[in-house]
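A quick write-up on the structure given underneath.
Values in this text are rule-based calculations from the coordinates and carry no lab data. Computed from a predicted structure; not experimentally measured. Here Cβ is always computed from backbone atoms with ideal geometry, including for glycine, and neighbour counts include all displayed protein chains.
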Amino acid sequence: MKMAVLASGYGSNLQAIIDALEKGDINGSLEIVVSDKKDAYALERAGNHNIEAHYINPKNFSGREAFDLAVIGLLQEKKIDLVILAGYMRLLSPVFVNQFMGRIMNIHPSLLPSFPGLNGVEQALEYGVKVTGCTVHFLDEGLDTGPVILQDTVPVYESDTVETLHERIHSAEHRLYTRAIQLFAQGKLRIEGRKCIINDG
Ligand code: GRF
């Protein structure tokens, strides 16, 4: 299974994926990392592991779709089977989603459908929930609405700040994303309507 990671920032999920690949916990190869941010630490992480890394400057394109077409071109060249969004801060255009329908995964720092969009951690903290978590889902054209693959919970403490809560969620994310990707690699995920069925028997 050939994978691509799209990341805009720190890239701790990318790191977890690289570590899992190196340990043999995911059967596949990470062919390329793409970022829309020049100084994304994710690009450096890729470089440290000799993984091809590309920064594509959105300013060089007329709009979202033109930018996405450039990314699609790179991914097609590499014959990518699975596109993994890991802290990618751009909305994908319909042309991208349709090109890789059922083969794009995202991770979100809340228990969807609660707290979609930006600041999922902050939203949970402000709402006062006692439990939150993270969700790995397939992408559809909505905002954080695609079929849920896996979820995990973490407790929220009264002493939490956005930082402490996000750190707890991050640890859960790293384990969850690795598992979801391995399930995909093993051909155990099937999308039926808005549900993702896991054939793990
Ligand atoms: C994660 O919390 C993920 O849920 C959200 O963006 C964050 C990315 O973190 N989509 P990192 O760059 O992987 O450390």
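Identify all residues within the stretch 182-199 that are in a strand (DSSP E or B) and in contact (Cβ under 8 Å) with a residue 12 or more places away in the chain; write none if there are none.
Answer for the stretch 182-199, where residues must be in a strand (DSSP E or B) and in contact (Cβ under 8 Å) with a residue 12 or more places away in the chain: LEU189, ILE191, LYS195, CYS196, ILE198.
Answer yes or no as to whether HIS54 is under 26 Å from ARG175 (Cβ atoms), surrounded by fewer than 19 Cβ atoms within 10 Å (Cβ to Cβ) and away from the ligand (no atom under 14 Å from the Cβ).
Answer is no for this residue.
(1) touching a residue at least 60 places away in the same chain (Cβ under 8 Å); (2) surrounded by fewer than 18 Cβ atoms within 10 Å (Cβ to Cβ); (3) in contact with an Asp or Glu (Cβ under 7 Å, 6 or more places away or on another chain): which one isn't true of GLY117, the others all being true?
(1)
Out of (1) away from the ligand (no atom under 16 Å from the Cβ); (2) in a loop (DSSP other than H, G, I, E, B); (3) under 24 Å from LEU176 (Cβ atoms); (4) over 16 Å from the mean Cα position of the chain (by Cα), what's the single condition that is false for GLU22?
Just one mismatch for GLU22, condition (2).
Just checking, which of LEU74, LEU30 is of a type in the set (A, V, I, L, M, F, W, C) and more than 15 Å from the chain's Cα centre (by Cα)?
Result: LEU74 is the single residue among LEU74, LEU30 that is of a type in the set (A, V, I, L, M, F, W, C) and more than 15 Å from the chain's Cα centre (by Cα).
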